[in-house]
There are 2 protein chains.
Amino acid sequence: MKQKRFKTPLVTINRLSIYYRYLESLKETEEGRNLETISSRKISIATGVNPAQVRKDLAYFGEFGKRGIGYPVIDLGKELRNILGLNKEWPVVIAGAGNLGKALAYYPGLEKRGFLVKGIFDNDPKKIGKRFNNIFIYSVEDMEKYICEWNTRIGILTVPANFAQNIADKMILGGIKSILNFAPVYLKLSHGVRIQNIDVSIELEGLTYYLNS
Amino acid sequence: MKQKRFKTPLVTINRLSIYYRYLESLKETEEGRNLETISSRKISIATGVNPAQVRKDLAYFGEFGKRGIGYPVIDLGKELRNILGLNKEWPVVIAGAGNLGKALAYYPGLEKRGFLVKGIFDNDPKKIGKRFNNIFIYSVEDMEKYICEWNTRIGILTVPANFAQNIADKMILGGIKSILNFAPVYLKLSHGVRIQNIDVSIELEGLTYYLNS
């Protein structure tokens, strides 16, 4: 299993998240709550992934479904939770108490998925000691210490580009193994640290390229 | 050219954005400003893309570079601007005046790349009529009208998941052709409308999967 785990490409993992999100949304209606099985076709329509891809992705982790009957909703949900690591709580830190850091601190989607923001870090004395959504803003000087103390392995970077490398290095010294980076800059990370970059400008340029005809 | 344009995969376009971002960052130092040519190796080190891939990506759009000399910095920058559609200004609307909408309205990276946020739309009477970063917050009822009036083709969705489909439909009626969607939901869009999804939870789950071993 462990062997297989590390071979799974990220795009597949991201689709599993999408399937899981859909299964979770079923709980919001009575009809959905009463659903015992679900077909790959139904998952396909609700997620925009083609049905063959749905079947292939879910087969990757073992035989969940039965031909003609579909997947058992509760078991599939549980399995996806386990695969995605959502069966536990993940302490998270945010570096940067700007507007984006604030938006993330208030985003209910994080806690809902088990991502608990333990603290926010900034270098601005006017912000240190305040709170966003009841989460304390600490001095960035203490970040390494708290990351270690909270046993945090996930860090979210929302600092300006010119600070990002330095703050990422501090995070890693504290014990961070995975960084979600919003700073529009390429970060050089030590071996074994994973990074996901979210760059709004790059996403928009991916759209304008196709408009620009 | 037009034929070729539509065949270019998005991952390539995103890397072109990364190269362009790097070239722009060169202007921040005197050494960078004096640089006449740049090698694929140097671009590679600064962006994390391997040198062969850099050469392949840039060759895709014609022969910029000369073997042993490298790419002329100014011409390459200009060419990337043109390819990415950054040689013009793009009016943009934001739907949702929450914390994320606010963070985007204040994000200097948008205007820097030619994305001008013309207006923000919300359904909350307490927010309508106020401003974020001097950008007016309008009633969502008037969104279609303003999108049309401003000739806006790019919309950013930061509304809650249960409103997202309805607001996206309204955007498209107004004339939006490309949507950057932050709502954690799959949107069904009419033919010819492009979408880029940014989902923080999915990105984090892409990280926890690999931590969960």
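Let's see how each residue does on (1) surrounded by fewer than 22 Cβ atoms within 10 Å (Cβ to Cβ); (2) modelled with pLDDT of 95 or more; (3) within 15 Å of the chain's Cα centre (by Cα):
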residue	(1), (2), (3)
A:155	no, yes, yes
A:163	yes, yes, no
A:168	no, yes, no
A:182	no, yes, yes
A:191	yes, no, no
A:196	yes, no, yes
A:200	no, no, no
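How many residues, within region B:23-41, are buried (at least 16 other Cβ atoms within 10 Å of the Cβ) and in a helix (DSSP H, G or I)?
5
Yes or no: region A:127-143 includes at least one residue that is within 29 Å of residue A:78 (Cβ to Cβ) and in contact (Cβ under 8 Å) with a residue 40 or more places away in the chain.
The first filter runs over region A:127-143 and keeps only residues within 29 Å of residue A:78 (Cβ to Cβ), leaving none.
Checked against the condition, which is being within 29 Å of residue A:78 (Cβ to Cβ) and in contact (Cβ under 8 Å) with a residue 40 or more places away in the chain, region A:127-143 yields no hits at all.
Looking at region B:139-153, which of its residues are of a type in the set (Ser, Thr, Tyr) and open to solvent by 40 Å² or more (accessible area, probe 1.4 Å)? Before the answer, list the steps.
Pass one, region B:139-153, residues of a type in the set (Ser, Thr, Tyr): B:139, B:146, B:152.
Across region B:139-153, the qualifying residue is only B:146.
Residue A:86 is checked against (1) part of a helix (DSSP H, G or I); (2) in contact (Cβ under 8 Å) with a residue 24 or more places away in the chain and fails just one. What number does that condition carry?
(1)
Look through region B:42-70, keep the residues that are of a type in the set (D, E, K, R) and assigned to a loop (DSSP other than H, G, I, E, B), and return whichever of them is modelled with the highest pLDDT. Talk me through it step by step, then tell me what you get.
Taking region B:42-70 as the starting set, the residues that turn out to be of a type in the set (D, E, K, R) are B:42, B:55-57, B:63, B:66-67.
So of that shortlist, the ones also assigned to a loop (DSSP other than H, G, I, E, B) come out as B:63, B:67.
Values: B:63: 62, B:67: 66.
For region B:42-70, the residue satisfying everything is B:67.
Which residues, taken from region A:95-115, are among the basic types (Lys, Arg) and at pLDDT below 95? It would help to see each step written out before you state the result.
Step one: filter region A:95-115 for residues among the basic types (Lys, Arg), giving A:102, A:112-113.
Residues satisfying the conditions are A:112, A:113.
Go through A:14, A:34 for me and flag whichever is more than 14 Å from every other protein chain (Cβ to nearest Cβ) and modelled with pLDDT of 90 or more.
Unique residue meeting the criteria: A:34.
Of the numbered conditions (1) within 30 Å of residue B:152 (Cβ to Cβ); (2) open to solvent by 10 Å² or more (accessible area, probe 1.4 Å); (3) out of contact with any Lys or Arg (no Cβ under 7 Å at 6 or more places or on another chain), residue A:206 fails exactly one; give the number of that condition.
(2)
Can you say whether residue B:199 is more than 26 Å from residue A:85 (Cα to Cα) and acidic (Asp, Glu), as far as the supplied structure shows?
Details: more than 26 Å from residue A:85 (Cα to Cα): no; acidic (Asp, Glu): yes.
Taking the combined requirement at face value, the residue does not satisfy it.
Give region B:91-126 a look and list any residue that's touching a residue at least 60 places away in the same chain (Cβ under 8 Å), crowded, with 22+ Cβ neighbours inside 10 Å and either closer than 17 Å to residue B:177 by Cβ or at the interface with chain A (Cβ under 10 Å from one of its Cβ atoms) (or both), or say none.
If the condition is that a residue be touching a residue at least 60 places away in the same chain (Cβ under 8 Å), crowded, with 22+ Cβ neighbours inside 10 Å and either closer than 17 Å to residue B:177 by Cβ or at the interface with chain A (Cβ under 10 Å from one of its Cβ atoms) (or both), then B:92, B:93, B:94, B:95, B:100 are the ones that fit.
What number of residues within region B:170-213 satisfy the criterion of being more than 8 Å from chain A (Cβ to nearest Cβ), part of a helix (DSSP H, G or I) and β-branched (Val, Ile, Thr)?
Result for region B:170-213: 1.
The values are calculated or read from the model by the stated rules, or taken from the named source; none is laboratory data. Quantities reported herein were computed from a predicted structural model and do not represent experimental measurements. A quick note on method: Cβ atoms are made from the backbone with ideal geometry, for glycine too, and the neighbour counts reach across all protein chains shown. Accessible surface is based on the protein model in full, side chains and every heavy atom, while ligands, DNA and RNA are left aside. Shrake-Rupley method; radii C 1.70, N 1.55, O 1.52, S 1.80 Å.
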